[in-house]
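The structure appears below as structure tokens.
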Amino acid sequence: MSIPDKIQTWQMIKGPVFDKEAGKITAPGVMERTEIPVPELDKGEVLVEIAGCGVCHTDMSYFYDGVPTVTKPPLTLGHEISGTVVAAGPGGESWMGKNVIVPAVMPCNNCDICAKGRGNRCLAQKMPGSSLGIYGGFASHIPVPSEDLCVIEDLKGRPLENYAVVADAVTTPYQAAIRAEISAGDPVLVTGLGGVGMYMAQMAKGFGGKPVIGIDINDEKLQRALKLGAVDYVINSKGKDFKAIQEEFRAIAKEVGIKPNIGWKIFECTGVGAAQELALGFLGFIGKLVIVGFGTQKTSYMMSRLMAFDAEVIGTWGCLPKYYPQVLEMVQSGKVQIDPLLETRPMSTIGKAFEEAHSGTNMNRIVLMPDF
């Protein structure tokens, strides 16, 4: 193991172009391969040599939709990271050589929000690719705090780069399941079976949810979810109005002998307005709707329905680092499958990977491996 002179990286040197007259984004961000300094590591910090970094929908929001990052460009995007510790600050020698998952959000552990056990939404959190200075995962190395790293003691025969998706795509659904308080036998509905939705469905099953129903407009995604065992039933909502979708949903509920409007745990994973409205439409008595997917569209809803139903709409952000070992165990035990749902590519193909992720033409989570 050696410490590099410079960190090699693909940086977003400027964000997307917003045309004020047109009132919309007219050009995506600009990416450039460059070098940035290797900082001097303080106590409690380590340098991770990156094995893989997943391409997340949030990255697309930064690069194409103009969602602001905490640190303004130029900066390196990417927050789904696995790798190996190759250097450590004073007193951190025990970290050397460890394979780790870098949490997508790392709380300060010293504020009012953290004290309430909600550090995943800490306002002073460090997030690679947004608030961690100029550093993100689409690079050769990244300096990070060591306190919240998740150590992979045994790779279990899986390439280290594959574990990158655990950093967000798998742990975020775990946090969502915790927020929804899923218990054995709770009926579950997942809207959107894309990158995060497939893991959300598996996570819901891992928590004992039954049945788990998946809704999507892509039949290939629906059939893949059934084949993988991520869901028990599927509904293709493409071209259908709410009444038609509701009839299919009620038929499934009747088949399994449960009420279609009582106690459902609903997870909206697309961030798309139409799916958000669909999820809200299914929210019934003492139900919980957890918003997992990010989007910029607005929806309308009669808030008094929440009062009448004694129901809840819940937001969730990232995952507390303390849960990562449990999620890792679920992956390694096979409760949550990751390998059939990802593909690895050289980081030099980042431009094409972004295009595919943004257009939705690739169903898999793309993990980019440094090839500088």
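Structure above, values below:
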| quantity | calculated |
| --- | --- |
| Residue among Gly287, Gly315 that is surrounded by 14 or more Cβ atoms within 10 Å (Cβ to Cβ) and touching a residue at least 24 places away in the same chain (Cβ under 8 Å) | Gly287 |
| Among the candidates Val100, Val55, Val70, Val86, residue that is surrounded by 19 or more Cβ atoms within 10 Å (Cβ to Cβ), farther than 18 Å from Trp10 by Cβ and either in the same structural domain as Leu328 (by TED's automatic domain parsing) or touching a Ser or Thr at 6+ places or on another chain (Cβ under 8 Å) (or both) | Val100 |
| Ser61 being under 28 Å from Ile338 (Cβ atoms), modelled with pLDDT of 95 or more and either assigned by TED's automatic domain parsing to the domain that holds Gly137 or buried (at least 22 other Cβ atoms within 10 Å of the Cβ) (or both) | no |
| Enumerated strands (runs of 3 or more DSSP E) restricted to the range 1-48, each holding at least 2 residues that are in the same structural domain as Asp65 (by TED's automatic domain parsing) and in contact (Cβ under 8 Å) with a residue 60 or more places away in the chain | 6-14, 30-37 |
| Verdict on Arg365 being on the phi < 0 side of the Ramachandran plot, within 17 Å of the chain's Cα centre (by Cα) and charged (D, E, K, R) | yes |
| Condition check for Val151: of a type in the set (A, V, I, L, M, F, W, C) and surrounded by fewer than 22 Cβ atoms within 10 Å (Cβ to Cβ) | yes |
| Among (1) exposed (fewer than 15 other Cβ atoms within 10 Å of the Cβ); (2) in contact with a Phe, Trp or Tyr (Cβ under 7 Å, 6 or more places away or on another chain) - the single one Leu280 does not satisfy | (1) |
| Enumeration of residues in the range 316-359 that are within 18 Å of Met200 (Cα to Cα) and either among the basic types (Lys, Arg) or in a loop (DSSP other than H, G, I, E, B) (or both) | Thr316, Trp317, Gly318, Cys319, Leu320, Gly334, Lys335, Val336, Gln337, Ile338 |
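The values are calculated or read from the model by the stated rules, or taken from the named source; none is laboratory data. These figures come from a predicted structure and were not determined experimentally. Counting neighbours? That spans all protein chains shown, and the Cβs are built from the backbone with ideal geometry, glycine included.
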